[in-house]
1. Can residue 63 be described as within 9 Å of the ligand (Cβ to nearest atom) and not in a strand (DSSP E or B)?
2. Would you mind telling me which numbered condition in (1) at pLDDT 95 or above; (2) out of contact with any helix residue (DSSP H, G or I) (no Cβ under 6 Å at 6 or more places or on another chain); (3) away from the ligand (no atom under 16 Å from the Cβ) residue 201 fails?
3. Being over 25 Å from residue 138 (Cβ atoms) and assigned to a helix (DSSP H, G or I) is the filter here, so list the residues in the stretch 165-197 that pass it.
4. What residue, among those in the stretch 83-109 that are touching a residue at least 12 places away in the same chain (Cβ under 8 Å), within 10 Å of the ligand (Cβ to nearest atom) and more than 16 Å from residue 25 (Cβ to Cβ), is surrounded by the fewest Cβ atoms within 10 Å (Cβ to Cβ)?
5. Would you mind stating whether residue 126 is within 30 Å of residue 211 (Cβ to Cβ), within 10 Å of the ligand (Cβ to nearest atom), surrounded by 15 or more Cβ atoms within 10 Å (Cβ to Cβ) and at pLDDT 95 or above?
6. Checking residue 236 against (1) under 18 Å from residue 116 (Cα atoms); (2) free of Cβ contacts under 8 Å to residues at least 60 places away in the same chain: exactly one of these is not met. Which one?
7. May I ask you to list pairs of residues, at least six apart or on different chains, whose Cβ atoms are under 6 Å apart, with the first in the stretch 205-217 being on the phi < 0 side of the Ramachandran plot and the second being surrounded by fewer than 17 Cβ atoms within 10 Å (Cβ to Cβ) and in a helix (DSSP H, G or I)?
8. For residue 51, work out the one condition from (1) under 27 Å from residue 156 (Cα atoms); (2) more than 10 Å from the ligand (Cβ to nearest atom); (3) buried (at least 21 other Cβ atoms within 10 Å of the Cβ) it doesn't fulfil.
Ligand SMILES: Cc1cc2nc3c(=O)[nH]c(=O)nc-3n(C[C@H](O)[C@H](O)[C@H](O)COP(=O)(O)OP(=O)(O)OC[C@H]3O[C@@H](n4cnc5c(N)ncnc54)[C@H](O)[C@@H]3O)c2cc1C
């Protein structure tokens with residue numbers, strides 16, 4: 001079903017973009033941030049959460065757009081490099097100025113048109129479409145009713161940490177955005193600078209999210225946990241297995257299916 005959907009989109013997608021690499025920034029041992037300038041056409045209209053189809057010979061690969069939908073002349077991809085992977089090898093070999101071809105934008109993983117508070121749950125490069133959603137949301141005209149945005153980003157080790165300064169800056173500049181980097185394979189936070197400790201938690205994203213609810217609900221009166229957690233929309237992005245188990249977890253906690261939106265890598 002999923003494969004048919006991708007094939008359908010690939011066949012009927014008419015927009016082809018030529019872009020040139022402007023920066024290839026290595027963030028961790030296996031994660032890179034690739035920045036491209038659009039050449040022809042020279043701008044792209046997309047909705048945060050959507051992906052592009054990278055042409056690699058005859059083997060297309062899908063990548064969620066990391067940058068904000070406000071950026072129309074350039075865009076960024078956050079990519080985990082798989083050893084000997086077709087697109088991974090192609091991307092890592094790119095040099096500044098090299099041209100690539102994308103199709104798209106495509107995909108139905110988008111922000112719902114509402115002002116509900118939002119929980120974002122991602123692991124590893126699953127952050128990409130969520131980061132685009134968060135930055136796009138924060139750039140919208142500031143209003144008193146601007147939704148609160150909470151990101152729970154799952155990584156394993158200290159060595160996986162990246163984009164901390166970018167996330168901190170977003171959070172400092174936007175009171176309604178808070179984030180937690182959740183380290184599932186570390187046992188203490190001694191390696192994290194004191195000033196950054198508030199941005200880190202130990203454990204898996206679902207456990208951290210649950211503890212967070214228990215704290216937050218104390219500020220509300222006359223509301224059950226089920227009512228409280230259904231005040232949010234949930235945006236999930238990770239590998240297929242992780243998204244499936246997270247979805248199951250959220251549903252078991254009493255979250256209505258219609259409040260959960262997801263993308264599987
Ligand atoms: C909608 C969508 C959006 C996506 N967005 C992103 C994104 O923003 N960033 C990103 O990094 N990826 C993203 N992906 C995954 C991406 O499309 C590729 O599958 C991935 O980059 C591997 O491609 P490759 O050609 O390098 O490896 P391949 O040549 O396809 O695979 C080589 C080998 O590695 C295995 N493999 C594939 N993926 C992984 C993995 N993640 N971990 C471990 N082993 C793996 C394969 O099973 C195979 O054995 C997305 C996928 C989808 C469906």
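The values are calculated or read from the model by the stated rules, or taken from the named source; none is laboratory data. Since this is a predicted model, take the numbers as computed values, not measurements. Positions of Cβ are backbone-derived with ideal geometry, glycine not excepted, and every protein chain shown enters the neighbour counts.
1. Values: within 9 Å of the ligand (Cβ to nearest atom): yes; not in a strand (DSSP E or B): no.
Criteria not met by residue 63.
2. Among (1) at pLDDT 95 or above; (2) out of contact with any helix residue (DSSP H, G or I) (no Cβ under 6 Å at 6 or more places or on another chain); (3) away from the ligand (no atom under 16 Å from the Cβ), residue 201 violates only (2).
3. 194
4. Of everything passing the filter in the stretch 83-109, 86 is surrounded by the fewest Cβ atoms within 10 Å (Cβ to Cβ).
5. Yes.
6. (2)
7. These pairs meet every condition: 217/228.
8. Of everything listed in (1) under 27 Å from residue 156 (Cα atoms); (2) more than 10 Å from the ligand (Cβ to nearest atom); (3) buried (at least 21 other Cβ atoms within 10 Å of the Cβ), residue 51 misses just condition (2).
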